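Colleague: For reference, the structure I am asking about is given below.
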2 protein chains.
Amino acid sequence: MTLRKLLAAFLPESQLGAGASVLDGHSSDLSYHEPCHPDAVVYAESTEDVSRILAWANAEVVPVTAFGAGTSLEGHVIPVAGGISLDLSRLDRVLALRPADLQADVQAGTLRSELNRVAAREGLWFTVDPGADATLGGMAATNASGTTTVRYGGMRANVLALEVVLADGSVIRPGSRTVKSSAGYDLKSLFVGSEGTLGVITQLTVRLAGIPEHTVALRGSFPSLDSACQCAATLAAAGVGVQRLELLDAPTIAAVNAYKGSAFAPAPTLFIEVAGTKAAVAGDAATVADVANWEGCIELVEAHEAEARSRLWEARHHVLFALLNESPGKVHRATDVCVPVSELAGAIAHARQLADDLRLNAAIVAHAGDGNYHVLLMFDPEDPDERGRVDRLSTEIVGWALARGGTCTGEHGIGLGKIDHLEQEHSDLIPLFARLKESFDPNGILNPGKVIRA
Amino acid sequence: MTLRKLLAAFLPESQLGAGASVLDGHSSDLSYHEPCHPDAVVYAESTEDVSRILAWANAEVVPVTAFGAGTSLEGHVIPVAGGISLDLSRLDRVLALRPADLQADVQAGTLRSELNRVAAREGLWFTVDPGADATLGGMAATNASGTTTVRYGGMRANVLALEVVLADGSVIRPGSRTVKSSAGYDLKSLFVGSEGTLGVITQLTVRLAGIPEHTVALRGSFPSLDSACQCAATLAAAGVGVQRLELLDAPTIAAVNAYKGSAFAPAPTLFIEVAGTKAAVAGDAATVADVANWEGCIELVEAHEAEARSRLWEARHHVLFALLNESPGKVHRATDVCVPVSELAGAIAHARQLADDLRLNAAIVAHAGDGNYHVLLMFDPEDPDERGRVDRLSTEIVGWALARGGTCTGEHGIGLGKIDHLEQEHSDLIPLFARLKESFDPNGILNPGKVIRA
């Protein structure tokens with residue numbers, strides 16, 4: 001009997017995906033990894049559904065890969081072992097908003113945009129911004145972060161509590177609604193970043209923040225990567241209200257100019273956003289200018305109104321388009337190395353030199369306050385040589401970073417693509433990871449092939 | 001053969017504690033829990049020492065309880081099962097200071113004051129302030145926090161990486177020198193707060209912050225607990241540079257007045273510290289005044305110079321002395337409930353009413369921005385009735401908090417004293433805690449009797 005028929009014994013037809021397009025839609029994410037079809041797609045509509053499905057799959061030893069918005073970047077949601085793609089997108093409700101506590105309870109399939117829409121009614125927002133409109137459950141599963149992490153932290157810092165369904169179908173609720181707790185082992189932090197391999201997140205209590213009343217955007221061009229990174233590090237350390245601190249290297253600016261016909265100075269450039277009360281922002285923007293000038297900033301542009309701020313950020317937002325435009329028909333892949341901030345300038349210079357040496361078309365963007373940078377690479381999947389050069393760049397920049405206290409992934413997670421790098425980075429921890437996996441998922445049904453080898 | 005003689009086979013005499021006073025010094029902490037002597041005290045002088053001792057103890061199934069400065073508040077360091085008290089106080093070196101990354105590497109036995117002394121040379125400080133001059137390893141083991149957590153977070157947020165010796169003597173290094181990482185399961189957060197029951201922390205990489213150039217202290221009296229707590233919640237949410245936000249309830253202020261002969265308004269009182277650049281502090285102090293006035297603040301006093309700030313904080317610092325003075329010969333015990341900030345005023349009012357009903361001498365102090373409050377209670381250990389009333393208060397306020405999303409411990413940890421409360425708070429997690437303990441410490445040698453039942 002097919003898996004779908006077996007599931008139909010205890011799930012209504014409306015919760016079983018049908019047709020090739022549904023299977024296609026659950027075979028890939030936004031990454032360069034090979035698609036792979038699940039044997040069946042199931043739409044969960046409640047925690048109880050997830051519990052029943054996992055209990056059954058555990059007894060039958062059927063793989064289950066959770067699926068949210070499909071925006072992962074290392075193949076996390078690709079069901080490489082077949083089995084069930086457990087789609088959580090119907091669990092899409094904001095269950096509670098507690099403005100006085102700056103908290104919301106959301107179902108795991110809730111999109112970030114939906115939470116922000118509801119929170120905005122109370123003047124609040126959810127601060128983690130990975131770019132994509134991901135689900136909150138997926139963002140927690142990969143410990144996502146992004147452009148605002150320099151100020152607000154990533155998912156682990158912004159998730160207070162979880163509801164998780166374990167492999168055997170039991171439901172647990174690690175964490176607390178309090179902003180701090182020392183009550184027992186920190187299972188909440190263990191599930192955040194576990195990529196669906198230890199349990200399936202069905203609900204989250206997250207922190208919110210007040211929407212800043214005033215925002216100023218600044219764009220500064222610098223004489224060198226060193227000076228731009230030093231400016232970013234100083235601002236991140238100063239504790240001023242900088243909530244975004246993005247860096248593009250000079251060739252990336254040049255690529256944007258070529259694509260847009262713009263005339264941005266082809267120099268390392270920081271995109272900075274300062275937010276808070278009007279008075280605080282004025283003070284902080286002045287601090288940004290002081291620090292930037294101290295570091296030899298060539299040109300600093302400031303924008304206050306929403307439209308002007310959007311224009312100011314344009315170069316940053318067009319990086320991927322510029323790259324795609326340069327390389328029609330190619331596939332893109334993003335590295336995700338993170339280093340101590342003092343190593344960032346060196347890391348980017350090394351990566352750029354390597355891309356040149358390997359004749360790779362690359363854009364480099366960094367969350368400069370966190371030491372996290374992405375090399376966006378275009379390659380032809382049918383060209384094994386080019387593909388090999390991309391692999392080589394990725395491997396070499398990870399090695400460079402690990403030798404300097406860095407990590408192979410700042411925010412994308414391990415998924416399918418970084419298992420080798422994880423073993424290189426934390427060889428001492430791999431036996432413990434395996435023991436944890438064995439303890440939480442003895443039959444190996446939960447997202448097999450991700451984080452650690454199946 | 002005695003344990004000491006067995007240890008002398010592989011450890012020099014200089015690392016073996018001798019005499020009754022050494023055993024006494026390792027039999028208790030700052031809590032009300034019954035002292036209990038270890039069978040032997042061992043002073044580790046290196047990670048290799050800790051590794052050798054644990055490997056031996058694991059093979060021989062001898063309990064090992066790590067000991068730092070002995071400042072724990074729930075009996076964490078009391079070796080209730082006998083065996084070895086593993087004293088880490090000789091591992092007291094700041095190994096590296098990396099000002100450009102705002103980081104330090106320290107040995108686990110390093111005192112907080114020592115780290116701050118070394119960091120101050122570079123204009124930096126370690127921000128977690130639990131009051132006591134604890135060791136960094138001990139603070140990590142209990143996930144300590146304190147008066148500055150409202151701004152900087154507690155230990156879990158400020159520890160980037162650890163060196164941990166496991167029960168079998170193997171050494172692992174979870175975490176990273178980067179400010180964020182999504183590389184594998186978060187073992188760093190698991191060991192932080194594990195109270196020496198999963199491994200022994202021997203080294204830490206911690207975050208530092210710049211010493212603020214300017215500090216202002218404010219003390220405000222409020223017409224009600226509600227208004228004082230609302231003021232605190234608003235300030236914590238506003239993201240201004242408030243780095244301390246402490247609350248005393250009216251009877252506690254009255255007790256201080258009685259002890260000091262002072263004339264503070266006997267009303268709920270907030271002690272606030274704002275720090276940053278001179279300009280930022282001026283703006284933030286004005287915001288504090290605005291919010292306080294909006295909440296009906298009766299009197300707001302501001303102090304700028306160091307001496308005046310100390311005087312302003314005097315009432316807060318004299319709470320314990322006032323209490324001890326009122327109850328000569330008695331022992332004190334501190335509860336550690338934490339609730340969502342919107343519940344704090346209700347929690348304190350409930351605890352105060354209960355203390356009155358139970359005829360208990362109580363002071364109440366709160367880290368108001370975090371929703372964490374301590375009821376400091378005096379009791380005669382020889383008086384079972386009074387002791388029973390203290391137990392009853394503790395149990396009732398925990399029950400009240402748990403019904404409202406709170407936790408039994410915001411920062412002191414579980415130790416010996418809160419195992420029942422932990423089971424009440426996280427009954428669904430206890431089987432997982434037990435599985436983790438079994439997985440990391442199959443022979444049960446690591447601090448038996450703490451966090452979970454032996």
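The values are calculated or read from the model by the stated rules, or taken from the named source; none is laboratory data. Everything numeric here is computed off the predicted structure, so don't read it as measured data. Note: ideal-geometry Cβ built from the backbone for every residue, glycine included; neighbour counts use all protein chains shown. Just the protein is used for accessible areas: all its heavy atoms, side chains included, with ligands, DNA and RNA removed. Shrake-Rupley method; radii C 1.70, N 1.55, O 1.52, S 1.80 Å.
Colleague: Given the criteria of a type outside the set (Lys, Arg) and at positive phi, does A:Gly137 qualify?
Modeller: no
Colleague: I've got another one for you. Taking only the stretch B:406-430 into account, find how many residues are open to solvent by 20 Å² or more (accessible area, probe 1.4 Å) and within 9 Å of another protein chain (Cβ to nearest Cβ).
Modeller: Residues flagged as open to solvent by 20 Å² or more (accessible area, probe 1.4 Å) and within 9 Å of another protein chain (Cβ to nearest Cβ) within the stretch B:406-430 amount to 4.
Colleague: Now, a different point. Identify the residue in the stretch B:94-148 that is of a type in the set (Lys, Arg) and away from chain A (no Cβ under 11 Å) and, among all such residues, is farthest from B:Ala44 (Cα to Cα).
Modeller: Only one residue fits best here, namely B:Arg121.
Colleague: Could I ask something else about it? Filter the stretch B:86-120 down to residues that are part of a strand (DSSP E or B) and of a type in the set (A, V, I, L, M, F, W, C) and give me whichever is surrounded by the most Cβ atoms within 10 Å (Cβ to Cβ). Full working, then the answer.
Modeller: Here is the first cut: in the stretch B:86-120, the ones part of a strand (DSSP E or B) are B:86-87, B:94-98, B:103-107, B:111.
Restricting the remaining residues to those that are of a type in the set (A, V, I, L, M, F, W, C) gives B:86, B:94-97, B:104, B:106, B:111.
Details: B:Leu86: 29, B:Val94: 17, B:Leu95: 13, B:Ala96: 10, B:Leu97: 18, B:Ala104: 24, B:Val106: 27, B:Leu111: 20.
Filtering the stretch B:86-120 for residues that are part of a strand (DSSP E or B) and of a type in the set (A, V, I, L, M, F, W, C), the one surrounded by the most Cβ atoms within 10 Å (Cβ to Cβ) comes out as B:Leu86.
Colleague: Going by the conditions given, is B:Val206 open to solvent by less than 10 Å² (accessible area, probe 1.4 Å), over 25 Å from A:Gly369 (Cα atoms) and not small (Gly, Ala, Ser)?
Modeller: It is false that B:Val206 is open to solvent by less than 10 Å² (accessible area, probe 1.4 Å), over 25 Å from A:Gly369 (Cα atoms) and not small (Gly, Ala, Ser).
Colleague: Can you go through B:Leu248, B:Leu218 and tell me which one is closer than 29 Å to A:Leu124 by Cα and either touching a helix residue (DSSP H, G or I) at 6+ places or on another chain (Cβ under 9 Å) or open to solvent by 20 Å² or more (accessible area, probe 1.4 Å) (or both)?
Modeller: B:Leu218
Colleague: Next up: Could you please tell me which pairs satisfy a Cβ distance under 6 Å, a separation of 6+ or placement on different chains, a first residue in the stretch B:65-77 that is farther than 14 Å from B:Gly193 by Cα and open to solvent by 30 Å² or more (accessible area, probe 1.4 Å), and a second residue that is outside any loop (DSSP other than H, G, I, E, B) and of a type in the set (S, T, N, Q)?
Modeller: Going by the 6 Å Cβ cut-off, the qualifying pairs are B:Ala69/B:Thr135.
Colleague: Would you check which residues across the stretch A:335-364 are without any contact (Cβ under 8 Å) to a residue 60 or more places away in the chain and within 14 Å of chain B (Cβ to nearest Cβ) and list them?
Modeller: A:Gly346, A:Ala347
Per-residue answers, yes or no, for (1) closer than 27 Å to B:Asp428 by Cα; (2) open to solvent by 30 Å² or more (accessible area, probe 1.4 Å):
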site	(1), (2)
B:Glu343	yes, yes
B:Leu358	no, no
B:Ala368	no, no
B:Phe379	no, no
B:Pro384	no, yes
B:Gly388	no, yes
B:Leu393	yes, no
B:Gly399	yes, no
B:Arg404	yes, yes
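Colleague: Still on this structure, please answer the following. Hey, can you tell me all the residues within the stretch A:143-156 that are open to solvent by 20 Å² or more (accessible area, probe 1.4 Å) and touching a residue at least 40 places away in the same chain (Cβ under 8 Å)?
Modeller: Scanning the stretch A:143-156 gives A:Thr147, A:Val150, A:Arg151, A:Tyr152.
Colleague: Out of contact with any strand residue (DSSP E or B) (no Cβ under 8 Å at 6 or more places or on another chain) and either under 25 Å from B:Leu245 (Cα atoms) or not β-branched (Val, Ile, Thr) (or both): which single residue out of B:Ala349, B:Ala363 fits that description?
Modeller: None of the other options fit; the residue is B:Ala349.
Colleague: Where residues in the stretch A:268-283 are under 16 Å from A:Val301 (Cβ atoms) and of a type outside the set (Val, Ile, Thr), which of them is nearest to the other protein chains (Cβ to nearest Cβ)?
Modeller: Only one residue fits best here, namely A:Glu273.
Colleague: Turning to a different aspect of this structure: Out of all the residues in the stretch B:365-374, is one or more aliphatic (A, V, I, L, M), away from chain A (no Cβ under 12 Å) and at negative phi?
Modeller: yes
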